[in-house]
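The next block holds one structure in the form of structure tokens; read it before the comments.
The values are calculated or read from the model by the stated rules, or taken from the named source; none is laboratory data. Note that the structure is predicted; figures quoted are calculated from it, not measured. With ideal geometry, Cβ positions are generated from the backbone for all residues, glycine too; neighbour counts draw on all protein chains shown.
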Number of protein chains: 2
Amino acid sequence: MNFLALLTSAGINIGLCSLFLMLYSILRKQPGNVNVYFGRRIAEEASRRSNSFTFERFVPSPSWIVKALQCKEEEILSVSGLDAVVFLRLIVFSMRIFCIAAVACVFGILPLNYFGQETKHKSFSSESLEVFTISNVQEESSWFWVHCLALYIISISACVLLYVEYKSIARMRLVHISQSPNPSHFTVLVRSIPKSPEESYSDSVRKFFQKYHASSYLSHQMIYKTGKVQKIMTNAEKAYRKFMHLKNIAIDQKCISGIHRCGLCATSSNTFQLHRNDFELNSKKTDLDHSNSSKIEKECSAAFVFFKTRFAAVVVSDVLQSSNPMVWVTDLAPEPHDVYWSNLWLPYRQLWIRRIATLLASIVFMFLFLIPVTFVQGLSQLDQLQQRLPFLRGILKKTFVSQIVTGYLPSVILQLFLYSVPPIMMLFSTLEGPISHSERKKSAAFKVLYFTIWNVFFVNVLSGSVISQLNVISSPKGIPTQLAKAVPRQATFFTTYVLTSGWASLSSEIMQLFPLVWNLLKRYIFQINSDRLSIPSFPYHTEVPKVLLMGLLGFTCAILAPLILPFLLVYFFLCHVVYRNQILNVYCSKYETGGRMWPIMHNTTIFSLVLSQIIALGVFGLKKSPVSAGFMIPLVILTLLFNEYCRQRFNPIFKSLSAMNLIEMDQEDEQSGRMEEIHRQLHMAYKQLPPDEIDFCSGECSSSHELHENEGSRTIQLDNDKDQTDDDNDCHKPLEKIVPVA
Amino acid sequence: MNFLALLTSAGINIGLCSLFLMLYSILRKQPGNVNVYFGRRIAEEASRRSNSFTFERFVPSPSWIVKALQCKEEEILSVSGLDAVVFLRLIVFSMRIFCIAAVACVFGILPLNYFGQETKHKSFSSESLEVFTISNVQEESSWFWVHCLALYIISISACVLLYVEYKSIARMRLVHISQSPNPSHFTVLVRSIPKSPEESYSDSVRKFFQKYHASSYLSHQMIYKTGKVQKIMTNAEKAYRKFMHLKNIAIDQKCISGIHRCGLCATSSNTFQLHRNDFELNSKKTDLDHSNSSKIEKECSAAFVFFKTRFAAVVVSDVLQSSNPMVWVTDLAPEPHDVYWSNLWLPYRQLWIRRIATLLASIVFMFLFLIPVTFVQGLSQLDQLQQRLPFLRGILKKTFVSQIVTGYLPSVILQLFLYSVPPIMMLFSTLEGPISHSERKKSAAFKVLYFTIWNVFFVNVLSGSVISQLNVISSPKGIPTQLAKAVPRQATFFTTYVLTSGWASLSSEIMQLFPLVWNLLKRYIFQINSDRLSIPSFPYHTEVPKVLLMGLLGFTCAILAPLILPFLLVYFFLCHVVYRNQILNVYCSKYETGGRMWPIMHNTTIFSLVLSQIIALGVFGLKKSPVSAGFMIPLVILTLLFNEYCRQRFNPIFKSLSAMNLIEMDQEDEQSGRMEEIHRQLHMAYKQLPPDEIDFCSGECSSSHELHENEGSRTIQLDNDKDQTDDDNDCHKPLEKIVPVA
């Protein structure tokens, strides 16, 4: 691939990107798309639409960029929570470090690489991209100290920036925790309650906590098993009772529809919009009578236990309860909206084996995925393509086509394959048995991350069959040399990868292609005119790995092939604008982990740094520059020590809550007399209801939001049913894009 | 090496062993050696010696064996604590599993191996030992299923036995914890107290705990820095004051001497035996005035904090205290006798880097140790020895000499080298900064264990230079094949290793050679007639790795070279007798970890099992028996799953105390009114005193024993100063043997 091909690729991508952004700036002004592009806003504010036709609606404008950039961090924090801020901090960190890297490498290393060998340079445009990489520098050159210095600068500034970020995020997390009374701070999830023949689980729990934690125990709430058959039975029963009610009740058009299932059968869901309060009063009573008899047998060995103070809850969750660590397992409960109800009744004894099984499954998947990737790799080599598909020979001989094929097609196909990964990893994470949506997403993010790094970076670098991959893993000593040989060779591919996959994914993200198309189909083909909104939550498990992968490519290629850095900087700038816009307008955050993703981001960045240092070590070794190679070893050690220090200094805060803060919050609440109010609301916060029941429970459920004083504004009225039903929605992210209301 | 050589070696060792055991049975009856062989007993009971000369004293007798075997587990538990019992359980477990293995392998596999190839067998005695190993079985033999079955039997019975042991030890641990009020359960060690310019550390601690744990906080006790210079200064000062006192005080001959330093200068230490009570009253007063002024500046950022209940203490130790995890670090305090005072004032911030540094140091040491081992390896090959030392050629040609050299000498030399390892590892562990003696010993045991396994097993198997070792590590895929090739070849060496190193180490253990010689020297040459006793504590860090190594050799060689098993069984039987005897008579246990060594033993056994399975996998592969090899894979997976289950089920109990038990104990003590008594004694339990002060503090210190109701009988009066001064004693175990009273 020569310089011209790269420019072609860049040109195409810049064109496409600008086109998409322009399109977006037009589409977002169309009233029909407001559901697609302003989901979060609509949920927050009363929708104010004007269907008036103005010429302005069809003129592309950059105002949204300005708006996105003008928005302050505090605003994002209050609107979308800490997790979104942490994600944006990652992008800001990447922008900063790659600015430094770009300055150091483009001005320091690029000329060195270009003039590294005393060959006659061809015209700039037809120059092979190889001459811009470190492979063009002569062996035993005395100029390697510049590369070495550049890597030192990058590593040290990365560490400094990482430390600053970690510190400020830890601070933000502490502020976030102490901000508003959170029911999860008072609640402990108890699992694996031992079975007793004489008494029900509920009685066991009461007895246990009244005996051992009498002074702090408030109340508890059992978790009920909702098996498939039971669900159907209850559903049928309830449907009948509802129907009986509906017959007698007038329809209230003012209410916003809360029912999913009618979306596809094209009946206006408004028919089901009832006087919620009337209905609830009635249905609650009958429910109560009915359930008391049947619920006891469906109780499972898990419960939410509420405590009088935050400190008591954290104590119970931290301390080993029983001398058999497999019973009375206590964990701090997730936020009410974050609870993954259908996993709560899993027997605790299964979890360790589930964890091992899913780990093995994801590793196997990681390796089996190689087969399509190897095929994609084949596509990037023109000769092989011509051999396999001889009828294409004529077309491929045209320069423009061959440039597109080599520069563009491979990564597009790879990208399409990669789309299947997040849903599968999400499925694995679900099977693992996490108790909260956020934990599931975090676990999926972790899996997708390692999958992406392995399959995009390592497989492309080491390009070969499954067996040769396994060979490489099984002889770790050869890895630096192997990487040192391969990475500069593959730098071109990575540059195009940034151009295509990176930029294109951002365009598709801002365009929200699938929801947009679905929205159009819904309105003009299926004639569904539901006002109901389905606002997706931010897909951290797909987006965080993407950004981190770009960082990895940046770090590893920085001193080897600095040409990647300008494209990467553009990518991160686009990221900055696009994700800010999306977080402000499209996604809502239903639950908060309080920035728990940051340690993953930190560790991956350290991994990327160390990897780039090891590759540099290998390259300097190959280029016979022992002094530079020698200088890499202390850098690796220092980076690892820095990581260990950060782990010691900050990581515990992200794992548990500190007694000091909790006690101070408890004391404050007690002095101000708010404690009783909090206690009263605790029991209402965690409501386990079968999915069909929830449609009518928003009045009830909204009480759980009252606790989120600051977050109240951004929790939409009906998001509780999303929590119950997005089990499938969330775990098929691309599907979610296709069928956002399903 | 042929069968005759093995028998020669066995004969020599059996002879030596019997000789030593007979000698022991005579020596133990000599009144002069009572200090050496009955240290623990003397400390316990008032010594009742008779110097009367009887003929019986010089007749060897097996009565001690009977006594050792008759002693019940409960007795050992009450006399030497849970740690000793756990160690003996390991030996019992080894005996059981190798009985099963011996039956399965000697009757099942040995004949198969012997008749594995259709060669004409020579006379049994001159048969090479190779014919008893699996290498003698033909390739593609249809009899490998027997080996496979034998390994299944061994693995499954090992897992069952391990589970039973783990369960019973966990139960014993719980009983041990709940047995008697232990001051360490009420005490938390707080480190890294933040420095404040206005107030002293002591005030900070009081304020902190009064603010955040007011309901449970009882009192606290600062830890004072005792640097080298400060020590000398204080010593000089105190010596002067003592001297002034001594001039006026009459000497009380009844008191037992408590002074170390005079032992070597041959003055009778009785001169210093004073009216302790009188003196203490005086010196305490002056100390108090004097220290109040000077101690504040010597305060360091650590303190023992006492709580009203056990549960409160465990809560404070388990919960993260501050939002900065590097300050207010809390851990449950070690037992009073277990505290490693000189490490308590180490800045907490240093510890993580110390841990990394010592880990690296021990790894480097592990590899550098190879140099002498390689030399030893050379010795075992006769030809090399003759080449290097040509003058020996004449002697080495004699059959008997050559048999001794090949069968005996190499392991003796290796053994001598190995003697330097425990002290060095103990030094590393000390530098790591553990807060208790037991933790230090456990960490040293861990290091010695991995060192021993690597340097005795792997290095001998893979026999080669440092570089070839590193090569093996760096290509993990080849390890099974490499091991499969090498282990059967080295089985002979391992058999002689069991014979020499194993049996000899037991003889030397029971004879207590170094203390014996020192005792004789002291009495007849140096004319020291001190009555003072120095009773060593059990050297778990040297003995546990020895026994575990033998287990590893047994598991790995069992199906490959079953001839090792009878010798191993004899070794474990000897172990059983010898260690029981030693624990009952010689060693005292000053502190208890409550069986915390068991997880290490369990994990190592699992490691040995998996290693033997992997080696078998390699061997079956080499012997072209794919079915048998295939059957190994589920066995490996099942063993690992079993280990993971045990880790989930039992390990947390060995790491922390369960709330249920603690609360029950608290409630019991409160109801019985014992709590106040316990509170009163708490502050006295943890006394930090400079070493020279302690000589006079036995009256004071003994108060700390009052809490050990059951252990009271086995803590000797002056062991607190042993705790302070055995820093050097404990970390040089061989030295300890040479100079037990130094």
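Data for the structure
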| quantity | calculated |
| --- | --- |
| Candidate set: the stretch A:646-658, residues that are assigned to a helix (DSSP H, G or I) and facing another protein chain (nearest Cβ under 7 Å); chosen: the one nearest to A:VAL175 (Cα to Cα) | A:ILE653 |
| Helices (runs of 4 or more DSSP H) wholly inside the stretch A:1-88 that include at least 3 residues being at pLDDT below 80, in contact with a Gly (Cβ under 9 Å, 6 or more places away or on another chain) and buried (at least 18 other Cβ atoms within 10 Å of the Cβ) | A:3-27 |
| Extreme residue, nearest to B:TYR152 (Cα to Cα), among residues of the stretch B:635-645 that are buried (at least 19 other Cβ atoms within 10 Å of the Cβ) and within 12 Å of chain A (Cβ to nearest Cβ) | B:PHE642 |
| Which listed residue, of A:SER323, A:SER283, is at pLDDT below 90 and more than 14 Å from every other protein chain (Cβ to nearest Cβ) | A:SER283 |
| Residue satisfying condition, being of a type outside the set (Val, Ile, Thr), more than 19 Å from B:LEU7 (Cα to Cα) and modelled with pLDDT under 85, within set B:PHE107, B:PHE115 | B:PHE115 |
| B:SER589 being among the hydroxyl-bearing types (Ser, Thr, Tyr), more than 27 Å from B:SER608 (Cα to Cα) and touching an Asp or Glu at 6+ places or on another chain (Cβ under 7 Å) | yes |
| Single residue of A:PHE654, A:PHE696 found to be of a type in the set (Phe, Trp, Tyr) and at pLDDT below 50 | A:PHE696 |
| Residues satisfying the stated conditions in the stretch B:294-334, i.e. assigned to a loop (DSSP other than H, G, I, E, B) and within 14 Å of B:TYR686 (Cβ to Cβ) | B:ALA333, B:PRO334 |
| Test: residue in the stretch B:684-692 that is over 29 Å from B:PHE311 (Cα atoms), part of a helix (DSSP H, G or I) and either more than 14 Å from every other protein chain (Cβ to nearest Cβ) or modelled with pLDDT under 90 (or both) | yes |
| Of all residues in the stretch A:619-634 being assigned to a helix (DSSP H, G or I) and either buried (at least 22 other Cβ atoms within 10 Å of the Cβ) or free of Cβ contacts under 8 Å to residues at least 12 places away in the same chain (or both), the one that is nearest to the other protein chains (Cβ to nearest Cβ) | A:PRO634 |
| Those residues of the stretch B:207-226 which are touching a strand residue (DSSP E or B) at 6+ places or on another chain (Cβ under 7 Å) and within 14 Å of chain A (Cβ to nearest Cβ), in sequence order | B:PHE209, B:GLN210, B:SER216, B:TYR217 |
| Single unsatisfied condition, B:LEU385 versus (1) of a type in the set (A, V, I, L, M); (2) surrounded by 16 or more Cβ atoms within 10 Å (Cβ to Cβ); (3) modelled with pLDDT of 85 or more | (3) |
| Elements of type helices (runs of 4 or more DSSP H) contained in the stretch B:488-566, each with 1 or more residues being small (Gly, Ala, Ser) | B:503-511, B:540-558 |
| Criterion: buried (at least 16 other Cβ atoms within 10 Å of the Cβ), more than 26 Å from A:SER215 (Cα to Cα), modelled with pLDDT under 90 and outside the structural domain of B:SER301 (by TED's automatic domain parsing) - qualifying residue of B:SER141, B:SER155 | B:SER141 |
| Among residues of the stretch A:127-169, those that are farther than 16 Å from A:LEU563 by Cβ and outside any helix (DSSP H, G or I), counted | 6 |
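This table checks each residue for (1) within 14 Å of chain B (Cβ to nearest Cβ); (2) more than 22 Å from the chain's Cα centre (by Cα); (3) over 21 Å from B:MET660 (Cβ atoms).
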residue	(1), (2), (3)
A:ALA302	no, yes, no
A:THR309	yes, yes, no
A:VAL314	yes, yes, no
A:VAL329	yes, yes, no
A:HIS337	no, no, yes
A:TRP341	no, no, yes
A:GLN350	yes, yes, yes
A:ILE356	yes, yes, yes
A:PHE369	no, no, yes
